[in-house]
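**Q** Here's a structure for you.
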Amino acid sequence: MARGSDVEVLEELLAVEARQVAAYEAALRRGAIEPALGEELLEHEREHAAALERRLGTAERNPRATVPSSELTRALRSREDFARYALGLEAEAVAAYAEAAANMSDARLRQPLGSIMACEAAHRVALRDSLGRRPLVD
Amino acid sequence: MAVSLTRREALGGAAAALLLASCGGGDPPPGGAKPGSGAALLSSLLALQHATVAAYGACEEVLRGEALAEVRAIRAQEREHAGRLEVGIRDLGGEPPAGKTAEEYARTFPRLRTEADALLFADHLEQRQVRAYLDAIKDFTQAGARATAADIGADQAGHLAAVRVLRGLPAAQGPFVTGAL
């Protein structure tokens, strides 16, 4: 079970994951992402969220509210729009996990959070590829 | 008993041997850096970066088209990472290791005959890099060094994913790239 300020950080990461899960679920419902890619990314985000929930355990919690975003609604109009929106979400996730991994007071959490960060970085490459862009360079 | 290796195992094993040989986690801090400053670990990561830059040079010789452009972009980022690590070591009062000569590195590389060989080699290189930086996040005692390791580690994960895409594989191996939460 995480403690103190680490709990706050894990709650924030859980909110990041909740936004991603909501986005990929909506995109799959609306056909705004290629189904195989959407299912894969959604499964990963759900796994991350479940792992964070397990780590939070019975800690005294203060869950963050997640509000549907009007930006997401606009992004669902096309696969290209959604991929660009999702790239932004994944970039936020990479930054959030990098900061968390570096600053966790419980040293045992640092490497596993880095492991999720690495997955989110791979998602960015997958989304760029879905846009027909080169994985790293234009 | 003779041990037979598949070509895939041989290439992967060579990458592992190269990179493990390049690491020196138990080395003393370089130059005038203080023990425990993190300079020794930064130097190990820098040695890994030097080896990786050289290895990508070998990959470039057999790649063409999009794969060559991607690998060149990755190699340029690897050089930037090496530069960041050198600055970090100097900031701690150390002297960055210079790396080996191109000929010395070349002797440790597998023979890359095809694009598939080069991309498999690159895949193994990036897996080692990702593991090294994620381990460094755990091992550095200073938050600033951990932040640098996390930042570069995210780039390495992007490189690994890009190489996987070039190999026709899904970008992400799974929800946890190394070690689950």
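**Q** Note down the magnitude of the dipole of the range A:4-130 about its Cα centre, charges +1 on Lys and Arg C-beta and -1 on Asp and Glu C-beta and zero elsewhere, to the nearest 20 debye.
**A** Charge dipole, the range A:4-130, about its Cα centre: 220 debye, nearest 20.
**Q** Which of rounded, prolate, oblate describes the protein assembly as shown, given a ≥ b ≥ c as roots of the alpha-carbon gyration tensor eigenvalues and a/c under 1.5 marking rounded, otherwise prolate only if a/b is larger than b/c?
**A** Working: a/c = 2.06, a/b = 1.27, b/c = 1.62.
Oblate shape, in that a/c is at least 1.5 and b/c is the bigger or equal ratio.
**Q** Which shape class applies to chain A: rounded if a/c is under 1.5, otherwise prolate when a/b exceeds b/c and oblate if not, where a ≥ b ≥ c are the square roots of the Cα gyration tensor eigenvalues?
**A** Verdict is prolate for chain A.
**Q** Could I have the simple spin-label model distance between A:Arg46 and A:Ser105, label points 7 Å from Cα toward Cβ, reported in nm to one decimal?
**A** The answer from the label model is 3.5 nm.
**Q** Rounded to the nearest 500, what is chain A's calculated 222 nm mean residue ellipticity when only DSSP H runs of at least 4 contribute -39500 (n - 2.57) each, over all residues?
**A** Helices in chain A give a 222 nm mean residue ellipticity of -25000 deg cm²/dmol.
**Q** Which cross-chain or sequence-distant (5 or more) residues have an amide H under 5 Å from the amide H of B:Arg167, H modelled 1.01 Å from N in plane?
**A** none
**Q** Across the residues of B:143-151, average count of Cβ atoms on other protein chains within 10 Å?
**A** What the average comes to for B:143-151 is 5.
**Q** Let me ask another. Give a residue-ordered list of calculated ³J(HN,Hα) values for the range B:49-58 (Karplus: 6.51 cos²θ - 1.76 cosθ + 1.60, θ = phi - 60°; whole Hz; x for Gly, Pro).
**A** With the stated coefficients, the range B:49-58 comes to 5, 4, 5, 5, 4, 5, 5, 5, x, 5 Hz.
**Q** Full extension from B:Arg111 to B:Ala98: what is 0.36 nm times the residue separation minus their Cα-Cα distance, to one decimal in nm?
**A** My answer for the length gained is 2.2 nm.
**Q** How crowded by other chains is B:158-171, given as the mean number of beta carbons from other chains within 10 Å of each beta carbon?
**A** 6
**Q** Counting alpha carbon pairs within less than 8 Å and at least 6 residues apart, what relative contact order, in whole percent, applies to the range A:4-130? Could the numbers behind the result be given before it?
**A** On the way: 123 pairs, mean separation 36.7, N = 127.
Computed over the range A:4-130, the figure is 29 percent.
**Q** If you don't mind, another one. Per-residue HN-Hα couplings for the range B:61-75, Karplus 6.51 cos²θ - 1.76 cosθ + 1.60 at θ = phi - 60°, whole Hz, x for Gly and Pro?
**A** 5, 10, 9, 9, x, 4, 4, 5, 4, 5, 5, 5, 5, 4, 4
**Q** Taking a ≥ b ≥ c as the square roots of the eigenvalues of the Cα gyration tensor of the range B:78-170, is the shape rounded (a/c under 1.5), prolate (a/b larger than b/c) or oblate?
**A** oblate
**Q** For chain A, build the charge dipole from Cβ charges (+1 Lys, Arg; -1 Asp, Glu) around the Cα centre, then report which of A:Gly132, A:Ser115, A:Ala101 sits farthest towards its positive end.
**A** Result: A:Gly132.
**Q** Can you find, among A:Leu76, A:Tyr24, A:Ala86, the residue farthest towards the positive end of the dipole of chain A? Put +1 on the C-beta of Lys and Arg, -1 on that of Asp and Glu.
**A** The residue sitting most towards the positive pole is A:Leu76.
**Q** Here's a follow-up. Would you mind working out the magnitude of the charge dipole of the protein assembly as shown relative to its Cα centre, with +1 at each Lys and Arg C-beta and -1 at each Asp and Glu C-beta, to the nearest 20 Debye?
**A** In debye, rounded to 20, the protein assembly as shown gives about 320.
**Q** Right, another one. Pick from A:Glu40, A:Glu80, A:Glu25: which is most flexible by mean-square fluctuation in a GNM of chain A where alpha carbon atoms under 10 Å apart are linked?
**A** Checking each option, the largest mean-square fluctuation is seen for A:Glu40.
**Q** Which of these, A:Ala83, A:Ala121, A:Ala102, has the largest mean-square fluctuation under a Gaussian network model of chain A (Cα springs below 10 Å)?
**A** Top of the fluctuation ranking is A:Ala102.
Every number in this text was worked out from the coordinates using simple rules, so none of it is lab data. Just so it is clear, the model here is predicted, and its values are computed rather than measured. Here Cβ is always computed from backbone atoms with ideal geometry, including for glycine, and neighbour counts include all displayed protein chains.
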